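Participant: If you scroll down you'll find the structure; I have some questions about it.
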Amino acid sequence: MNIHDKKFALLGNNLAIDFINTQVIQNGELVDMLGVPADINHWAQQVGYTLTSDVTINDLATVKILREGLKTLVLAAIEGTNPSKDELVILNYYLEEHRTHQQLEINPETGELRLAVNNNKAHLSSLLANVAYEGAQLLASSQVSYVKSCSNPECVLLFLDTSRTKRRRWCSMDTCGNRAKVARHYRKETQ
Ligand SMILES: [Zn+2]
């Protein structure tokens, strides 16, 4: 597969969750979509963020440490366990040391104000700061109780359920939701 064809799952309704979702199950195996440094540039692009410089192999390792830290905290929240202070260290480092470079701007379509990252300052560190910030905001809010993992036991994708009824079960209706529907239908037919 050409690297530019790589399509990331952006269904989490939160930047930090989409970042965690860069690990997926394919053919029964856990696959890391961030396999090479350029994958980070590509992920950044798909979340609307054009990085001003290339990502190095060292950056890739750093990125994975943040992802692992976030994942641990989000999974703890889903399972209802309390995190330890040690687990907050990585996230707090980003909150403390990195700037999000967000600015208020006027949305040209609606005329309303919105927060957006200053594109001239789109360094990897500010992308990661934004990932950490969105994750921290979610973890510290009541919304965290609506973070779910996909109901397909063979899928590891997470999402923030923003539906009105809060009954979303699948990462996507096109994939896992549809598979479950087909399986249900097949069971009915054969009974
Ligand atoms: Zn799924």
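Participant: Out of (1) outside any loop (DSSP other than H, G, I, E, B); (2) in contact with an Asp or Glu (Cβ under 8 Å, 6 or more places away or on another chain); (3) modelled with pLDDT of 95 or more, what's the single condition that is false for R168?
Facilitator: The failed condition is (1).
Participant: Of the residues E97, E79, E68, only one is surrounded by fewer than 14 Cβ atoms within 10 Å (Cβ to Cβ) and under 30 Å from R164 (Cβ atoms); which?
Facilitator: E79
Participant: Sort out which residues of segment 106-143 are closer than 25 Å to L73 by Cβ, open to solvent by 100 Å² or more (accessible area, probe 1.4 Å) and not in a helix (DSSP H, G or I), and write them in order of number.
Facilitator: L115
Participant: Still on this structure, please answer the following. Conditions first: (1) out of contact with any helix residue (DSSP H, G or I) (no Cβ under 8 Å at 6 or more places or on another chain); (2) more than 14 Å from the ligand (Cβ to nearest atom); (3) among the small types (G, A, S). A136 passes all but one, so which condition is the exception?
Facilitator: Among (1) out of contact with any helix residue (DSSP H, G or I) (no Cβ under 8 Å at 6 or more places or on another chain); (2) more than 14 Å from the ligand (Cβ to nearest atom); (3) among the small types (G, A, S), A136 violates only (1).
Participant: Going by the structure shown, is I3 among the β-branched types (V, I, T), modelled with pLDDT of 95 or more and exposed (fewer than 12 other Cβ atoms within 10 Å of the Cβ)?
Facilitator: The answer is no for I3.
Participant: I'm trying to understand the selection: among the residues of segment 146-184, which are free of Cβ contacts under 8 Å to residues at least 24 places away in the same chain, away from the ligand (no atom under 16 Å from the Cβ) and surrounded by 10 or more Cβ atoms within 10 Å (Cβ to Cβ)?
Facilitator: Y146, K166
Participant: Okay, next question. Taking interchain pairs and intrachain pairs at least six residues apart, which have beta carbon atoms under 8 angstrom, with the first residue in segment 48-63 and outside any loop (DSSP other than H, G, I, E, B) and the second open to solvent by 60 Å² or more (accessible area, probe 1.4 Å)?
Facilitator: Within 8 Å, the pairs are L60/V36.
Participant: Does segment 38-49 contain any residue that is under 17 Å from the mean Cα position of the chain (by Cα), under 18 Å from S126 (Cα atoms), among the β-branched types (V, I, T) and at pLDDT 95 or above?
Facilitator: Within segment 38-49, one or more residues are under 17 Å from the mean Cα position of the chain (by Cα), under 18 Å from S126 (Cα atoms), among the β-branched types (V, I, T) and at pLDDT 95 or above.
The values are calculated or read from the model by the stated rules, or taken from the named source; none is laboratory data. Model, not experiment: these values are computed from the prediction. Ideal geometry is used to build each Cβ from the backbone, glycine not excepted, and the neighbour counts take in all protein chains shown. Calculation scope for accessible area: heavy atoms of the full protein, side chains included, ligands and nucleic acids excluded. Shrake-Rupley method; radii C 1.70, N 1.55, O 1.52, S 1.80 Å.
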